[in-house]
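Report on the structure given below.
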Amino acid sequence: MKSIRSLFAATLFATALPALAVIPNVTDQESPERNNLIATFGQSGLAQSFKQMADNVSGAGIYLLLASPEESANVTIELWSKLPNQGGSLLAGGSALGLGPGWVDVFWTPVTVTPGDTYFLVFSGPSALGLAGSTLNPYSNGQTFATSGYAGFPNFDYAFRTFAVAVPEPSTWASMMGGLGLLALLAAARRRT
């Protein structure tokens, strides 16, 4: 009986540890309206400004439309502190296979940001894919940039989203750690008896 209890406690503890290591990416900012083809990757200077609410950015996505039928290719999304032509720094970035129509999301190691500050997503990919969005200013915390020199279009927004790592509140962490500690104490007490 004692070995069954110990095995149960060890199994419970072992299954709880991975849950602590897996912290999901959650959507932080989003402009989902995609009723227009706003640009194609054949243009240069494609970017979207945004203000993150979380203190980190762990990835971003863009909604693709087809400029040519059945086209798929790598799409690159980069996170910048300012626009590249305004002295911005590249903070993170990555590529993923994109197939229009649909979302393509890119994830990276979370980057610490200041909540409420303006940051920029810069997009690149093959000219056969287009970026969807809206001309009705659906996202009030940013705007679209396109063409050489990152010309701004204040009433346009790409269909985009940003991600953040969801860090549990301190009280949640304390409850989880307290529960795991209690399990460890119970297991140790049972081993002694």
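The values are calculated or read from the model by the stated rules, or taken from the named source; none is laboratory data. Keep in mind the model is a prediction, meaning the values are calculated, not measured. FYI the Cβ positions are ideal-geometry reconstructions off the backbone, even for glycines, and counts take in every protein chain you see. Accessible surface is based on the protein model in full, side chains and every heavy atom, while ligands, DNA and RNA are left aside. Shrake-Rupley method; radii C 1.70, N 1.55, O 1.52, S 1.80 Å.
Among the residues of segment 111-127, those that are closer than 17 Å to S95 by Cβ, out of contact with any Pro (no Cβ under 9 Å at 6 or more places or on another chain) and either surrounded by fewer than 20 Cβ atoms within 10 Å (Cβ to Cβ) or modelled with pLDDT of 95 or more (or both) comprise V111, L121, F123, S124, P126, S127. Pull up segment 48-72, narrow it to residues that are open to solvent by 50 Å² or more (accessible area, probe 1.4 Å), at pLDDT 90 or above and part of a loop (DSSP other than H, G, I, E, B), then point me to the one that is nearest to A92 (Cα to Cα). The selected residue is D55.
Scanning segment 81-90 finds no residues that are open to solvent by less than 70 Å² (accessible area, probe 1.4 Å), touching a residue at least 24 places away in the same chain (Cβ under 8 Å) and part of a strand (DSSP E or B). Within segment 118-152, being assigned to a strand (DSSP E or B) and free of Cβ contacts under 8 Å to residues at least 60 places away in the same chain holds for one residue alone: G152. Answer yes if at least one residue in segment 143-160 is open to solvent by 40 Å² or more (accessible area, probe 1.4 Å), among the small types (G, A, S) and within 21 Å of the chain's Cα centre (by Cα), and no otherwise. No.
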